[in-house]
1. Can you give me the ranges of the helices (runs of 4 or more DSSP H) entirely in the range B:45-127 with at least 3 residues that are closer than 22 Å to residue D:189 by Cα?
2. If we keep just the residues of the range C:131-151 that are free of Cβ contacts under 8 Å to residues at least 40 places away in the same chain and assigned to a loop (DSSP other than H, G, I, E, B), which is nearest to residue C:109 (Cα to Cα)?
3. Give the residues of the range D:144-170 that are open to solvent by less than 70 Å² (accessible area, probe 1.4 Å), assigned to a loop (DSSP other than H, G, I, E, B) and within 14 Å of chain B (Cβ to nearest Cβ), sorted by residue number.
4. State whether the residues of the range D:178-188 include one that is open to solvent by 70 Å² or more (accessible area, probe 1.4 Å) and under 24 Å from residue D:29 (Cα atoms).
5. From the list A:386, A:317, which one is facing another protein chain (nearest Cβ under 10 Å) and either at pLDDT 90 or above or open to solvent by less than 10 Å² (accessible area, probe 1.4 Å) (or both)?
6. Only one of (1) within 14 Å of chain B (Cβ to nearest Cβ); (2) more than 16 Å from the chain's Cα centre (by Cα); (3) open to solvent by 20 Å² or more (accessible area, probe 1.4 Å); (4) of a type outside the set (Ser, Thr, Tyr) fails for residue D:194. Which number is that?
7. Is there any pair linking a residue in the range C:13-33 that is facing another protein chain (nearest Cβ under 8 Å) to one that is surrounded by 10 or more Cβ atoms within 10 Å (Cβ to Cβ) and aliphatic (A, V, I, L, M), with Cβ under 7 Å and at least six apart or on different chains, and which?
8. Can you find a residue in the range B:259-266 that is closer than 30 Å to residue B:19 by Cβ, more than 17 Å from the chain's Cα centre (by Cα) and within 14 Å of another protein chain (Cβ to nearest Cβ)?
Amino acid sequence: MKARVTFKGGIHPPENKGLCGELSIKDFPPPETAVLPLQQSLGSASEPVVKKGDKVKKGTLIARSKGYISSNLHSSVSGEVIDIRKSPHPLLGEANAIIIKSDNRDEPERDYSAEEASADSLSSGEILELIQNAGIVGLGGATFPAHVKLNPPADKPIKTFIINGAECEPYLTSDHSLMLECADRILKGAALIKKMLKAEKCLIAIEENKKDAIALFRQKIIQLKNAEGLQVFPLKVKYPQGAEKQLIYTLTGKEVPSGGLPMDVSVLVHNIGTVFAVYEAVFLRKPLFERIVTVSGKGIKNPANWRVRIGTTFKMLVNHSGLADKKIKKLIMGGPMMGLAQYTDEVPVVKATSGILVLTSDEAADFEHLACIRCGKCVSVCPMGLMPAEISKMVEKGRIDTAKSIGLMDCMECGSCNYICPSGTNLLQYIKLGKYEYLRSKNVKR
Amino acid sequence: MLKDKHLTVTVSPHIKTSLTTERMMWIVSAALIPAAGAGIYFFGPHAALVIAVCVGASIITELFCAVLMKKPATIKDGSAFLTGLLLALCLPPEFPLWMCALGSFFSIAVSKFAFGGLGHNIFNPALAGRAFLMGAFAKEMTTWKTLQDFPDGITAATPLNLLKEQGYDSLMKVFDSHSHLFKELFIGRVGGSIGETSAALLIIGGLILIFARVTTWHIPVSYILTVIIVSYFTGGLFDIPFHLFTGGLMLGAFFMATDPVTSPITPKGQIIFGIGCGLFTMLIRIRGGYPEGVCYAILLMNSVTPLIERFSKTRIFGVKR
Amino acid sequence: MGIEVIIYSTGVLLVLGAGFGIALAVSSKFLSVEEDPRIKKISDILPNINCGACGFAGCSSYAEAIVTKKEKVNLCMPGGEKTSKKIAGLMGIAPDSIEKKVALIHCCGGGIGKKKYDYSGVKDCRVINMVAGGSVECDYGCLMGYACLRSCPVHAIEKNENLMPYVIRDKCVGCGRCVTTCPRNLIELAEYGKKVHILCSSHDRGAEVIKVCKVGCIGCGKCVQACPFNAIRIENNLAVIDYSKCRVCGKCVDVCPVKVIYDWRKDFTVPGKQQKSGKKNEL
Amino acid sequence: MGQEETNNTGYFKELSKGFIRENPIFILCLGLCPTLAVSNLVENAFGMGIAFFFVLLCSNITISLVQKLIPDEVRIPCFIVIIAAFVTVASLLMQWLIPDVYARMSLYINLIVVNCIILGRAEAFASKNNVFRSALDAVGMGVGFTASLFIISAIREVTGFGTFLGFRLIPENIKPITIMILAPGAFFTIGFLMALFNLIRIKKGKVSK
């Protein structure tokens, strides 16, 4: 099956995916000290269950989820808890974190390499519990706790389960390399989730620039015995192909209503990394304490994909990969389109870190801010069908209500408009400001 | 070590397209150069002087206004250069130079800076300048130059003028046959404004714009299609190429109507805009007092751009109509 | 012009005037809409800067609410006591007391505090605050994005020489727009009469404050001891004045080691600047 | 406008406000219709200005005299009657004194009846102030209007015809700018002068940007 339909809009930024060279995953050595921020997912921060001086092993639970939308946190090294204090956080600036000093023995809590035979006979509830205990969150970057997403309300059954392997962000190849190395396991995880959700179909969506992954998955599915409803779906190469709503539209033709969730159209989307983490949690009983991270950008001498423990600082990764002898401008967590710029390299890898980019000043060029010439490019690229220039102008004038009425809150902040704008106006920043102001005014009124 | 480096922190996205406003303006200017060159080749050195004066006066006016309004002077972005060039291309080749300068001044100072500068003007500055000159110096604006290498040298008027004032027969007398007329029109060896005569070169320039993604196909295609349809129904098959290749239609459709500032931002709005331009152009050409209607048609549609935008909003994803 | 013209025109005018006069009388009886004239009068009294401090969309809707919904007459902060009294007189009720309040920015170190990173993008503190927790090291410091300055309807906020925004107290009408605008909640409305304030909001421990800012409250407690009325307490590492007890003696000002307590009766109006008052008051 | 305190100081202020501060054309934007119509020749503009001045002065004085007599509800019809009477007088006078100017612009003279400056001053000022102040206001506004008209027409006549009061200023071989004597020219001129007046006011600090 070839991708025929696609969503409206989108852009084609230079991919730069080739920087990483061969797509093998290398193991990054466990860090001397791991910094594990308590806030790793959307919702509330988790509550520490260890205190200063406690000995922990790799995979020991160190913080428990607090509230429904929250996640567990496990130690990524074996060693001693030396402090719980405020430290840099890649998303929040600063937040409380558990600091663990490694004893260099890397002792696991249990053996994570042997596959549990009994996994196939588990009930849905048991699987969910395993997932929740393992502290799995959406690894695409949104970090929504996986057990919440996998437990839709009874009146909204899931018919189609989509595995998002689009990885449309430039530079990043972590999902791609994971797909190439662990196709079998991903498929196992996919089958498990599909069974658990009682979904009719399971679509694996992969962008066409990852031909080898598409071929590999197709071949594996043919080999599989119970591959009913399992399908690989090649996607047109463009950004933001991996955005949830756009992906659902491309694959099923259904539009998630404004303000709604994918389950409103009986669809559930999970990132490829999350599916892999689910496999590990259920079949290996391994909690989420490491993930694949792309370290790339033209500022890096040897870009590569690493399997990194959560809590490793960016500094270690960057130094290990080597800095290129160029003018370095930005350090980014995530992709260049939606990633967050960091002010220090002391921040640790968290569950949301899909990539670390060091961009040189010619890649991340600053634009001279010129007047909007109303070229309409932002309108034609907006995948949500908004008029970003209008919205940002309204926000700039302080007319938040007008901005709301023309779709301010429908923006998903993909940044396409900002990328394409020839005048270099900061459309997305104004839209973010507008959202902030709108939520704030709503809170005041309450 | 990253620590010693100066890290810049911004909101995402961190990469941007290389197609800047500045580059867009220069691409448009470059796309106009073949047509301008043809104008100079056909009409002689005075045409080059007209172009030079218009561009120079535009840039000087832009500088002057920027200083007066205490705004940073934006000569580098090429918008003043482009306005001057476009204005020159829709002026007659023998136009007095001081009038060129005055028109450029009007274009930049009144129709652009008085509205707030680049991005805020309601009317296309070059066309507004032309309309001003038309109002101020009607006689000079309709005095066309005779082409030296033309068979009998009597055609001191554009083909549209001939048709309007002397009728179909005299047009045929000058050009002998349809095929000859269309050939001359297509190449551009007819009377007219400096840059509007050579349809072939203008089409090439327009295609450059579309392929360089400076502009989209919506306005030119809907404009030209409307003209084709209207001319077919009002005059028949002969009228289609005649109306397409005479006057400033190609220049207007590819370079003037597509001016981003004064046209709607939504694709649907751009199509409506193009259709409106086409209808008004044909209305003025067929029923109006002027032989040529491109300039006023586009100016008229410019004035309703906000209205079009209001009625051609894009559909927000996930929102049912 | 003959005499007959005069007579004729007089007659025509008379007849027309009588006819239309009757028509007017009839229509005024049947078509008139009862509108309370007090609404317009109150509208005229109100300052018409539409600041929104009263909680209504604008001055005219507040005027309407006073007449139709018997809203309190002391809600107009910019107008102050004078306006309140005038409206009360018009409505025939006793005026409620009104305290003049001015905005106060509880930070004076944004411009001299340590920077966390180089920011580039929209220069608005509400945006800067979203990026990695703000561009200054101090978590409670002003980000110098001047959203307050732009939100002020009467241009009462300016930048001082350290580029910190400050409030011109005599221009401020106390509408409270800047209070809701500030993304770090550094601004509050303070009584105009109580002229001693602590210009810092940092709840960090003293050692951390010293690291990032020269003019940050370190919670040393010297002011607490100096206060003869027990009006100052240390709350979560930050000195806070209890205005119900404060008698504005100014003793705390002198003992503060980091100079974050300001006395507006002395000869400076601009925090961090020590400028003679009144000099920079014009726009 | 009418809310100035009625103390005895500032008579000069009352008089001079029409020149620049509250110039009827450039600041208050009143009476643009005759301004557009008659300002392409200085001669016409002058005639219009004089007629206008006369009507404004007389109506302001009369209205301030009878303000107590007129009931509030029917003040507009009464004002119109008064103004119309003076316009008739003015047009009769002009017909007698300067017949050739009158012939060119009789229509516009009659239209003074509904000119918004006169009605506006009557409504906003004369009906609330005493006779002397109203007269001062009328003189100020009248002079302001006439002067403004004179400036506009001078610019338009020189650029559009190349003449001033009929004398040729610009040599024949330089083409005059035809558009300046058409309605758009009036708009351009008024627009530029308005910008100039606003600039003066901003410089003086009367208006904040």
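The values are calculated or read from the model by the stated rules, or taken from the named source; none is laboratory data. Just so it is clear, the structure is predicted and the values come from calculations on it, not from any experiment. All Cβ positions, even for glycine, are placed from backbone atoms using ideal geometry, and neighbour counts span all protein chains on display. For accessibility, only protein heavy atoms count, side chains too; no ligands or nucleic acids. Shrake-Rupley method; radii C 1.70, N 1.55, O 1.52, S 1.80 Å.
1. Working: elements: B:45-68, B:79-89, B:97-105.
Output list reads B:45-68, B:97-105.
2. Of the range C:131-151, the ones free of Cβ contacts under 8 Å to residues at least 40 places away in the same chain are C:131-133, C:135, C:144-147, C:149-151.
With assigned to a loop (DSSP other than H, G, I, E, B) added as a condition, the list becomes C:131-133, C:135, C:144-146.
On the way: C:131: 20, C:132: 20, C:133: 17, C:135: 13, C:144: 10, C:145: 14, C:146: 14 Å.
Top of the filtered list is C:144.
3. D:162, D:170
4. So in the range D:178-188, the residues open to solvent by 70 Å² or more (accessible area, probe 1.4 Å) come out as D:182, D:187.
Checking which are under 24 Å from residue D:29 (Cα atoms) leaves us with D:182, D:187.
There is at least one residue in the range D:178-188 that is open to solvent by 70 Å² or more (accessible area, probe 1.4 Å) and under 24 Å from residue D:29 (Cα atoms).
5. On the way: A:317 fails: facing another protein chain (nearest Cβ under 10 Å).
A:386 is the lone residue from the list that is facing another protein chain (nearest Cβ under 10 Å) and either at pLDDT 90 or above or open to solvent by less than 10 Å² (accessible area, probe 1.4 Å) (or both).
6. It fails just one condition, (2).
7. What qualifies is C:24/D:74.
8. Yes; the residues of the range B:259-266 include at least one that is closer than 30 Å to residue B:19 by Cβ, more than 17 Å from the chain's Cα centre (by Cα) and within 14 Å of another protein chain (Cβ to nearest Cβ).
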